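The structure under discussion appears below in the form of structure tokens.
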């Protein structure tokens, strides 16, 4: 009888432990729990240890959760930069154990939100610009102003790179990506064939070109909007600014009530976007195509152009046909008549940051801070600029551009005098963006008009202001 | 002897314990916690603001929630007809004398049920694909080029289009349940019916259906529960799009929690979904119970 009972209890324990290991999510939380107890152990015996070597015999463990997938390192500049910096730092600190948890961006966003919900954060993690307000309010991020002030290369940081990471007077993250979300990649010979030796500078010409391409059976602009953000982030962000100007966008971001989505300028931008979709500027399945296949249309020379972020540059250099690689030129969207936005501008800025969870052990805090400044600091920018020709969070001068692929050289040339305007989805409130992305998809599908869309986005903005 | 047949209370409790613990921690506790979070204005993290019933009140007038619920209802109705109806017809065919390779058909029809929803989503997104999809290729081949369209962009029929893969996947599942229900009926009843001249359709409707109605009730309950929590197929096929046209409640709850960062309201949406599911199941059980009584 007793034996039976023991057996049953044992099996129930086994069942519980199996259940606990069921999902990847749970496993990692377990790890964190374990790691926290380790941390706690270390805290109990700080007196005997010197500040320089916080762990003594015990190894310090730093946990990082991020979206830099190692398999994509070869074709993604920032991923390569991240790993290179991490490896460098690890080589300098062989006694520190770095534990990474890596997920694709969309999964990463879900996972870190779930972790944030229970306040169980890794030491370092990626933070989107629009998350800072929430995360800081929940005490999930340690202030970084001190570390940045004492950083030797602090003057090299570009102006405004810390804007999104600043809450009150305090900075809470270090930029790990300098993003330009709206660039027009175009296949120059294809445009020449229909009579445009340069990319058109007026929308009339664009629509004319759209008609001509459609007659020839070529997709004018390839777009993959299944995930709903590309149309908003890569097109509307830049197009909207053409109509509304910078100040309007900043008022919306600050949610100070001085600008509204129902303002006629923004409604015009929405109408314009709808008009583009309805006049056949994009591939017919733009709302159901994922980003990858849409980019492939351009890479294989089946589309004449593509409006996409700077990340397409690496994709083109790696995956496009030799012809497309050599013929790709880059431009920004044309201006609109009577618009308030600056002419030679496009949406860009720092979107993703890396932040540090508040640390109880000050010695470990110093170590984590040091790693963070290395991952997003000057060396990182030097790497990105010299190896990939990217515009990085810090200004790096004196780089020889002649060895880069032609498309990259185009990008560097273009970026020299382009002004940057805010990227919507990185800076506006997440729930406003969710409504906007969803509505823009319907707008372009023709099932909602610009007025309705504007009113719905505005209603969401007002509801979060309460 | 008595002891061998009936375990003592302690052993009994020990047998129950694992399931009880699992159920409590995996189902019951999360539901209670979600209901509790529904009372807060909470965007994740440690900062929560108690706002009482505000979230639940907002939910009552949330058009997007009710639109998503409408899509769930559509799914339930079409899946009840498509899955259980087709499964019943197939079961009758399998039971008939003319059917060959019965176990082969049973096994093969069950295959889709074991596939991951994500795989199903991908298979069907290939069928609906604009450039290379099966439907458009067939339309082009048969000279109906004007009917070619990006199918999942058509918000008028998109809910139906995402329902079809669900029906396709689970027909086999209900088929197995119904076939085994029919098998458990005394075969002499069918023989008698046949002698009396009830064959084909008549036998199916007047003899078989009444005999397995309890199983059908279970199937409908499963169908409601399954379609109220529909998520993964739709997520991979359309992401709820275009816009919110094919959004279901579970998708809305997920988006609210993780894309809009409204964890509190997202919890309230989930609880709303749970309550409405329970109501549906209750109503169906009541209705089926009434039908059963009348006949008896």
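If packing is taken as the mean number of other Cβ atoms within 10 Å per residue, what is the order of B:258-269, B:186-197, A:63-74, A:377-388, highest first? Kindly include the intermediate steps, with their values, before the conclusion.
Values: B:258-269: 25.3, B:186-197: 11.0, A:63-74: 17.2, A:377-388: 20.4.
The most tightly packed comes first, giving B:258-269, A:377-388, A:63-74, B:186-197.
How much length would be gained if the chain were fully extended between residue A:154 and residue A:227, taking 0.36 nm per residue of separation minus their Cα-Cα distance, in nm to one decimal? Please report the intermediate quantities before stating the final value.
Numbers: separation 73, 0.36 × 73 = 26.28 nm, distance 3.67 nm.
So the chain would gain 22.6 nm between residue A:154 and residue A:227.
Order A:251-258, A:292-299, A:239-246 from most to least packed using the mean count of other Cβ atoms within 10 Å.
Details: A:251-258: 15.1, A:292-299: 20.9, A:239-246: 24.0.
Highest to lowest by the protection proxy: A:239-246, A:292-299, A:251-258.
If each of residue B:131 and residue B:116 carries a label point 7 Å out from its Cα toward its Cβ, how far apart are those two points in nm?
2.5
Along Cα→Cβ, 7 Å out, is where each label goes; now give me the distance between the ones at residue A:326 and residue B:225 in nm to one decimal.
6.4
Give me the compactness ratio for chain B, meaning the Cα radius of gyration over 2.2 N^0.38 Å.
Numbers: Rg = 23.5 Å, N = 296, 2.2 N^0.38 = 19.1 Å.
Taking the Cα Rg and dividing by 2.2 N^0.38 Å, one obtains 1.23.
How many angstrom separate the Cα center of the stretch A:431-466 from the Cα center of the stretch A:227-268?
Comparing the Cα centres of the stretch A:431-466 and the stretch A:227-268, I get a distance of 11 Å.
What FRET efficiency, computed as 1/(1 + (r/R0)^6) with R0 = 60 Å and r the Cβ-Cβ distance, is obtained for residue A:459 and residue B:142, rounded to the nearest 0.05?
Working: r = 46 Å, r/R0 = 0.77.
Computed FRET efficiency for residue A:459 and residue B:142: 0.85.
If we sort A:191-200, A:435-444 on the protection proxy, mean other Cβ atoms within 10 Å, highest first, what's the order? Could the numbers behind the result be given before it?
Details: A:191-200: 14.8, A:435-444: 26.6.
Final packing ranking: A:435-444, A:191-200.
Fewest first, what order do B:32, B:248, B:148 take by the number of other Cβ atoms within 10 Å?
B:32, B:148, B:248
Based only on other Cβ atoms within 10 Å, what is the fewest-to-most ordering of A:353, A:79? The partial results should precede the final answer.
Values: A:353 28, A:79 20.
With the fewest neighbours first, A:353, A:79 line up as A:79, A:353.
How crowded by other chains is A:110-118, given as the mean number of beta carbons from other chains within 10 Å of each beta carbon? Show your work: numbers first, answer last.
On the way: counts 4, 1, 2, 8, 4, 2, 6, 12, 3.
Counting other chains' Cβ atoms within 10 Å and averaging over A:110-118 gives 5.
What is the gain in length, in nm to one decimal, between residue A:412 and residue A:300 on full extension, counting 0.36 nm per residue of separation less the C-alpha to C-alpha distance?
Values: separation 112, 0.36 × 112 = 40.32 nm, distance 2.34 nm.
Length difference between fully extended and current span is 38.0 nm.
Whole percent per 5 Å bin, from 0 to the bin with the longest distance: what is P(r) over all C-alpha pairs of the stretch A:308-376?
3, 11, 14, 11, 11, 11, 11, 11, 8, 6, 3, 1
Given a cut-off of 38 Å, what percent of all Cα-Cα pairs of the protein assembly as shown lie beyond it? Display every interim value, and only then the final one.
On the way: 141179 of 289941 pairs.
Considering the protein assembly as shown, 49 percent of its Cα-Cα pairs are separated by more than 38 Å.
Please work out the C-alpha center-to-center distance from the stretch B:224-249 to the stretch A:90-142 and express it in whole Å.
Taking the Cα centre of the stretch A:90-142 as reference, the centre of the stretch B:224-249 is 29 Å away.
Please average, across the residues of A:226-236, the number of beta carbons from any other chain that are within 10 Å of each residue's own beta carbon, and give a whole number.
Working: counts 9, 2, 6, 1, 0, 0, 0, 0, 0, 0, 0.
Average neighbour count from other chains, rounded to a whole number: 2.
Helix A:105-117 versus the longest principal axis of chain A: what angle, 0 to 90°, nearest 10, using Cα atoms?
Taking the Cα atoms of chain A, the angle to A:105-117 is about 50 degrees.
Can you tell me the orientation of helix A:406-415 relative to chain A, as the angle in degrees between its alpha-carbon axis and the longest Cα principal axis, to the nearest 10?
Tilt of helix A:406-415: around 90 degrees.
Fewest Cβ neighbours within 10 Å first, please rank A:211, B:62 accordingly. Please report the intermediate quantities before stating the final value.
On the way: A:211 15, B:62 19.
Going from least to most buried by this count: A:211, B:62.
Let me make sure I get this right: for the stretch A:60-218, a, b and c are the square roots of the gyration tensor eigenvalues over alpha carbons, sorted descending. Under 1.5 in a/c it's rounded, otherwise prolate if a/b > b/c, else oblate. Which is it? It would help to have the intermediate numbers written out before the result.
On the way: a/c = 2.28, a/b = 2.07, b/c = 1.10.
In terms of gyration-tensor shape, prolate.
Can you give the FRET efficiency to the nearest 0.05 for residue B:61 and residue B:24, using r as the Cβ-Cβ distance and R₀ = 30 Å?
On the way: r = 34 Å, r/R0 = 1.14.
Computed FRET efficiency for residue B:61 and residue B:24 comes out at 0.30.
How would the stretch A:318-450 be classified by its alpha-carbon gyration tensor: rounded, prolate or oblate, with rounded meaning a/c under 1.5 and the a/b versus b/c comparison settling the rest?
Details: a/c = 2.16, a/b = 1.18, b/c = 1.82.
Oblate, because a/c is 1.5 or more while a/b does not exceed b/c.
Once the Cβ-Cβ distance between residue A:208 and residue A:251 is put in as r, and R0 is 41 Å, what FRET efficiency do you end up with, to the nearest 0.05?
Numbers: r = 35 Å, r/R0 = 0.86.
E between residue A:208 and residue A:251, to the nearest 0.05, is 0.70.
Measuring from label point to label point, each 7 Å out along Cα→Cβ, what is the residue B:93 to residue A:344 span in nm?
It works out to 6.9 nm between the two label points.
Helix A:450-465 versus the longest principal axis of chain A: what is the Cα-based angle in degrees, 0 to 90, to the nearest 10?
30
How shielded is B:235-242 by partner chains, expressed as the average number of their Cβ atoms within 10 Å of its Cβ atoms?
Values: counts 0, 1, 2, 4, 8, 3, 11, 14.
Taking all residues of B:235-242 together, the mean is 5.
In whole angstrom, how far apart do the alpha carbon centroids of the stretch A:337-355 and the stretch A:161-177 sit?
The stretch A:337-355 and the stretch A:161-177 have Cα centres spaced 17 Å from each other.
Read the figures in this text as sums done on the coordinates, not as results from a lab. Computed from a predicted structure; not experimentally measured. With ideal geometry, Cβ positions are generated from the backbone for all residues, glycine too; neighbour counts draw on all protein chains shown.
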